[in-house]
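Heads up: the structure comes next, in structure tokens.
The values are calculated or read from the model by the stated rules, or taken from the named source; none is laboratory data. Quick caveat, the model's predicted, so the values are computed rather than measured. Every residue, glycine among them, receives a Cβ derived from its backbone with ideal geometry; neighbour counts consider all protein chains shown. Ligands, DNA and RNA are excluded from the accessible area calculation, which covers all protein heavy atoms including side chains. Shrake-Rupley method; radii C 1.70, N 1.55, O 1.52, S 1.80 Å.
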Amino acid sequence: MASRMLILFSKKGRMKYIGHLDLLKVLQRAVSRSKIPISYSQGFNPHQQMSFALPLPIGVDGEREIVEIELEADLAPEDAVGALNPHMPRGMEILSARRRAEGEKTPASKVAAADYAVEADISPEELELRLEGALARKEMKILKKGKGGVKEIDIRPDLIEASACGNCLKLRLSAGSVKNIKAEDILSEMNLKPKSICRLELLKKTEDGFEPIF
Amino acid sequence: MPLDHEMLMKAEKPGRYIGNEINMVEKRIEDVRIRFSLCFPDVYEVGMSHLGLQLLYAYLNERPDVYCERCFAPWVDMEALMRESEVELFALETGDPIKIFDFIGFTLQYEMSFTNILNMLDLAGVELFSSERGEEGPIVCAGGPCACNPEPLAGFFDFFYIGEAEASLGSILDIYAQCKDSGLPKKDFLKRISNIRGVYVPSFYSASYNEDGTIASFEAVEEGAPGLIKKACLPDFTDPFQVLAPLVPLIEVIFDRVSVEAFRGCIRGCRFCQAGYLYRPVRERSVESLVKQAQAQLEATGHEEVSLLALSFSDYTSSVEAVDRLCGICTPMRVNLALPSLRIDQVSLGLMGKIQKVRKGSLTFAPEAGSQRLRDVINKGLSEEEILEGAEMAFRAGWSRMKLYFMVGLPSETEEDAKSIAALAERVVEKFFSIPKDQRSGSISINISSACFVPKPFTPFQWSAQNSYEDLMEKQRMIKKSIKKKQIQYNYHEGKLSAIEAVLARGDRKVGGAVFQAWKLGAKFEGWTERFKYDIWEEAFRLCGLDMDFYARRQRRFDEILPWDHIDIGVSKEFLIREMRKAEKAETTPNCRDGCGGCGFRKTGGGCVGE
Ligand code: SF4
């Protein structure tokens, strides 16, 4: 029986310099080596049925990223984790897996926001000040390239939450297929050069806020 | 790793510089005696597509006393960042600067990468000229096909290795370990290895020149150095050293696949093809070994494609059995099988039919010359009927797209010969339309491309003059004009690049000075058409008082001392002269299976052997 499995993984260290399309290849080859029973698409060039919740930009660490695979035979989630981990390059780890229930939406369609942790290159006091400044703003207009050329958009509503602790800045930003804001867009509005950016969690919308998808 | 986050984020492709690939070898430095930096003088994606690199990496790392790490030429963006931050060239595995290694070993695949070698040494903080390096720092060496005429690079390398690494590289490392333990100077090490087969220590030799610039004498100046350097060559290839777990790049490279060699050498004897002479004699691998290796590599990599390599795969005696058995492995694994070098004949089409169930792809063949006379001159061993029959069989079998490779500027080529490239392509198109509609499919598309002929050492054309680049371009324009049918696309090559390639390929020691000047003037990645700068080379040769035409466009005499005469690849000069004389009369030589041409090796029942 075909089943869909969600896989939670981290992508950090040197692996953060591997872009989305290359990551797809890296995971496909890991799946091939692990011999887990993945399904293939039909047609002249069959490819593995694999899709990500949301691409991770190059240079950003991913703490809890999600990929969905389709299996042509049943496999216990813990066995999938056990089979895949030995084939991960250094910097990537399979953290957990679970079946996606019949009727449950795909992770890609659920993503509504993402949490980030940013390491700033300024003093905690200065960071506090800039954060206050950013939160006080009514709008944050930036130029964004889209299908119909360059457009001006206001990203202030997409800065859902933000807090600072020491020189670490935590952000919750709109993400997903409807509106996807890069952490760097907000950071450049705050005139901040990050030492590192980490995506902590992918979130879905619930009645009273957000909660982790996985 | 010596590159920080900011540098990596500024680079066009940071994935080139991080190593960390699947199957990367990790060793503890305390556990090894010899650190070897395997350097490829081009970008990561090119180097990682190269079978020889994977082979050497596995071969060297199999020794517990050696740690071999890789190093590629950083692309110009990263080079600028490294120079700005004073980061020295480092190896991908440990990130350590390669100047602290025991060996820096370059693989010489292509003349146009010579300036990259100098650039990499400079970026590593290593003196370029071997005479200036002193006792500190690594031994700098090189191997690969371009090492068969090492003279243009003689001043930069401590030694060259001519031939197949698996044959005697191991003994060199053994001697190095002994010398290192006893604290012997570099020169003692070089003296000790100079008698190992394949080793050439250029500083042990000296050349003198005639007034006209040709070589007057070339002699050993160090006692005990051999007069003739013989190629190191595996006597047997039935079950050679296996690469069990090739590196799997994390970013897309040029050839994203595993490759397995079916045999070394070639039975054909095309007169322009250096590889056909360099890798003699033919040594076949057993199907067993081939299949075992392919399966092991696919399982260890998860790659989607396996390619069977040979100079002409359809000449492999067990080609059908090999393809059948590999299809049996590949199909359930959903892996593609690729056969990159085929002749246009029944066997090849049969093989292609097995691997391309859907005849969507295009077939690639290399007639090399358009007219029958010229194909005989180059000993292609292919008649027009065979080409057209092959095309017909392909069309009837369902293919409709074909790539045809040609060369312009071959010795004795006339305008008519060049134009006949277009004529041949048109006849292939006509062939398609002559087949009843219900017996062919698709719409025909023929892609022809021409490269410029570059005379290479150790071929019967090693004495020949190259066409001027103006002539090369003119001929290609003429071909373009002669093509009338819209089903034919034509791509052609930059003649100036081939002109420089020809100078470097047959250069002597003096040419090394011009390579150095060209590097100083900023020449790098010269094999990349968009980066190639002809003016720099002109200027470099002018500064050295050298004439490029002397090297590329001069008909050399048979009795002239050639810069590579002290290298012996096993094919005799008498044979090459005989072949050249036959070429002049457009006479062909049968392939080695049909009859032995007496090339210098000896044909025996079990294959050809050296003396
Ligand atoms: S010895 Fe004869 S058969 Fe063998 S490679 Fe040379 S020419 Fe060919």
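Each Cα pair under 8 Å and six or more residues apart adds its sequence gap; the mean of these over the residue count of the range A:111-212 is a relative contact order of 44 percent. Projected label points at B:S171 and B:R593, each 7 Å from Cα along the beta carbon direction, are separated by 3.4 nanometres. What does a probe at B:S445 reach in the range B:360-377, counting residues whose amide N is under 20 Å from the point 7 Å along Cα→Cβ? It comes to B:360-366, nothing else.
When each of the peptides A:39-49, A:90-100 is scored by the mean number of other C-beta atoms lying within 10 Å of its residues, the order from highest to lowest reads A:90-100, A:39-49. When the other protein chains are added to the chain by itself, burial of at least 50 square angstrom of heavy-atom accessible area (probe 1.4 Å, ligands and nucleic acids ignored) affects these residues of the range B:11-40: B:I18, B:N20, B:I22. Rounded, prolate or oblate: which fits the range A:3-104, taking a ≥ b ≥ c as square roots of the Cα gyration tensor eigenvalues, rounded meaning a/c under 1.5, else prolate when a/b beats b/c? Here the range A:3-104 falls in the prolate category.
In the range B:227-253, burial by the other protein chains removes 20 Å² or more of 1.4 Å probe accessible surface, compared with the chain on its own, from B:L250, B:I251. Determine the share of chain B's accessible area contributed by carbon and sulfur atoms, expressed in whole percent, with a 1.4 angstrom probe. Carbon plus sulfur share of accessible area: 50 percent. Per-residue extension of 0.36 nm, minus the Cα-Cα distance of B:D181 and B:T317, leaves a gain of 44.2 nm for this segment. The interface between chain A and chain B buries about 2300 Å² of solvent-accessible area in total (1.4 Å probe, ligands and nucleic acids excluded).
Sequentially through the range A:45-56, phi angles give Karplus couplings (6.51, -1.76, 1.60; θ = phi - 60°) of 10, x, 10, 5, 7, 8, 8, 8, 5, 6, x, 9 Hz, Gly and Pro residues having no value and appearing as x. Applying 1/(1 + (r/R0)^6) with r as the Cβ-Cβ distance of B:D96 and B:T529 and R0 = 30 angstrom yields a FRET efficiency of 0.30. Over the residues of chain B, the helix contribution to mean residue ellipticity at 222 nm works out to -10500 deg cm²/dmol, using -39500 (n - 2.57) for each DSSP H run of at least 4. On the basis of the beta-carbon distance and an R0 of 25 Å, B:E136 and B:A220 show a calculated FRET efficiency of 0.40. Between B:S412 and A:L135, the simple label model (points 7 Å from Cα in the Cβ direction) yields a spacing of 8.7 nm. Residues of the range A:15-51 that lose at least 40 Å² of accessible area (1.4 Å probe, protein heavy atoms only) when the other protein chains are present, relative to their chain alone, are A:Y17, A:I18, A:D22, A:R29, A:R33, A:Y40, A:F44. Inter-chain neighbour count for B:301-312: the average number of beta-carbon atoms from partner chains within 10 Å of each residue's beta-carbon is 2.
Note on chain A: GNM, Cα springs under 10 Å; of A:E102, A:E65, A:E189, the largest mean-square fluctuation is that of A:E102. By definition, a body whose alpha carbon gyration tensor gives a ≥ b ≥ c is oblate when a/c is 1.5 or more and a/b is not larger than b/c, and the range A:111-212 fits this oblate description.
In this label model, A:E152 and B:E88 are separated by 5.3 nm, measuring between points 7 Å along each Cα→Cβ vector. Database remark: amide H of A:L95 closer than 5 angstrom to the amide H of A:L8, A:F9, A:S10 (H placed geometrically; neighbours at sequence offset of 5 or more, or on other chains; Pro and chain starts carry no H). Going by Cα centres, the range B:1-68 and the range B:127-183 are how many Å apart? Here the answer is 19 Å between Cα centres. Under 19 Å from a label point 7 Å along Cα→Cβ of A:E125: give me every residue in the range A:156-186 with its amide N that close. Answer for this model: A:164-169.
Taking other residues whose beta carbon is less than 14 angstrom from the beta carbon of B:K486, and scoring Lys, Arg as +1 and Asp, Glu as -1, yields +1. With R₀ fixed at 45 Å, the C-beta to C-beta distance from A:S51 to B:D324 puts the FRET efficiency at about 0.80. Count Lys and Arg as plus one, Asp and Glu as minus one, and take only other residues whose Cβ is under 12 Å from that of A:C165; the net charge is then -1. Among the GluC sites (Glu not before Pro) found in the range B:168-240, those both in a DSSP coil and sparsely packed, with 13 or fewer other Cβ atoms within 10 Å of their Cβ, are B:E211, B:E223.
For the peptide B:324-334, the mean number of other protein chain Cβ atoms found within 10 angstrom of a residue's Cβ is 1.
Per residue, the protein assembly as shown exposes 41 Å² of accessible surface when a 1.4 Å probe is rolled over the protein heavy atoms with every protein chain present.
Distance from the alpha carbon centroid of the range B:315-343 to that of the range B:346-416 works out to 20 angstrom.
At full extension, A:K179 and A:A76 could sit 33.6 nm farther apart than now, given 0.36 nm per residue minus the alpha carbon distance. Apply the a/c threshold of 1.5 to the C-alpha gyration tensor of the range B:361-493 and tell me whether it is rounded, prolate or oblate. It is prolate, given that a/c is not under 1.5 and a/b is the larger ratio.
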